[in-house]
Amino acid sequence: MTDVTNNPGEMTYHGTNTYIVDTSEGRFIIDSGRVEDSLHLDAIIDSLGPNPAGILVTHHHSDHFGAAPILRERTGLPVYVSQAFPDDAFQPDAFLEDGEVIAGLTVLHTPGHVSDHLCFARPDRVLFTGDHIMSWNSSIVSPPDGNMHDYCAHLKRLIERDDKICLPGHGPVLPHPQPYAKKLLANRMRREAEILEHLADTPDTVKNTAALFTRNPIRILRWPPNEMLRHILKSFSQNREWHRMEIS
Ligand SMILES: [Zn+2]
């Protein structure tokens, strides 16, 4: 089952999805939602049933991880986060790494949106994608923690899988995710080519260049200059010319 955190907004669609998942080892929570939403927390606790087993975190953003510590306090359930989880102030019960299987769920480390991002795959080809693939919008990949090279690489990874549906951190169920992920990747590659073409002849600022690129076949609300910078850094890492970009 799903419950949605009460945090609708430009970046979150209707809010952040919390999933309650039955496994061979009990019932797991995937993403707790925000700590400020006490009604959402109560709904999660009410849905845990007689055999709750743990709290899985896709990544450290507060709308996904925020309530995990208090949920642990209220339920005694262990919290599982990525090995790359960046918050030293929080001590999880266990760290998860790519390829590990927990209660029948396979862990996929999918950095890009952020470095500690995880997806969770059920054996029946259902994939929980957090903010790596969302069904309502393109994911934000913002430096310093976001990495466009990693994001594209892990979009490719999901395209090569045979998941039949994705359950994202924001937005509705996404059936047939591969064509959608291909479209997301193609859109990124097209933008990158356009940016480089523009900069080949015209030295420009990040801000000005970002303003030129607003077209997108998949709905996007804005084109953050940080993401522009990340495309340029990705290109630089691939030995393309980037020296014409004046960063401001
Ligand atoms: Zn996020």
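Couplings for the stretch 172-188, taken from phi via the Karplus curve 6.51 cos²θ - 1.76 cosθ + 1.60 with θ = phi - 60°, read x, 3, 10, x, 6, x, 5, x, 5, 5, 4, 5, 4, 5, 4, 5, 4 Hz in order; Gly and Pro are left as x.
The phi-based Karplus calculation (6.51 cos²θ - 1.76 cosθ + 1.60; θ = phi - 60°) puts the 3J(HN,Hα) values of the stretch 117-123 at 5, 10, 10, 10, 10, 7, x Hz, whole numbers, x for Gly and Pro. Please report the antiparallel percentage of DSSP beta bridges with both residues in the stretch 1-145, rounded to the nearest 5. For the stretch 1-145, the DSSP antiparallel bridge percentage is about 65.
Only counting other Cβ atoms within 10 Å, I'd like Ser24, Ser135 sorted with the fewest neighbours first. Don't jump to the answer; show the numbers that get you there.
Details: Ser24 9, Ser135 20.
Ordered from fewest to most neighbouring Cβ atoms within 10 Å, Ser24, Ser135 come out as Ser24, Ser135.
Farthest toward the positive end of the dipole of the stretch 2-176, out of Pro86, Val114, Gly76, is the Cα of Val114, where the dipole comes from beta carbon charges about the Cα centre. Among His64, His14, a tally of other beta-carbon atoms within 10 Å of each Cβ gives an order, fewest to most, of His14, His64. Ordering Arg161, Arg188 by the number of other Cβ atoms within 10 Å of each residue's own Cβ, fewest first, gives Arg161, Arg188.
Scalar couplings 3J(HN,Hα) for the stretch 189-204, obtained by applying the Karplus form with A = 6.51, B = -1.76, C = 1.60 to θ = phi - 60°, are 5, 5, 4, 4, 4, 5, 4, 5, 5, 4, 6, 4, 10, 10, x, 8 Hz; x denotes Gly and Pro. What FRET efficiency would be calculated for the residue pair Glu36, Val101, taking the C-beta separation as r and a Förster radius of 45 Å, to the nearest 0.05? The computed FRET efficiency comes out at 0.85.
Coordinate-derived values only; no laboratory data. Just so we're clear, the structure is a prediction, and the values are computed from it rather than from any experiment. Cβ sites come from the backbone with ideal geometry, for glycine too, and all protein chains shown count toward neighbours.
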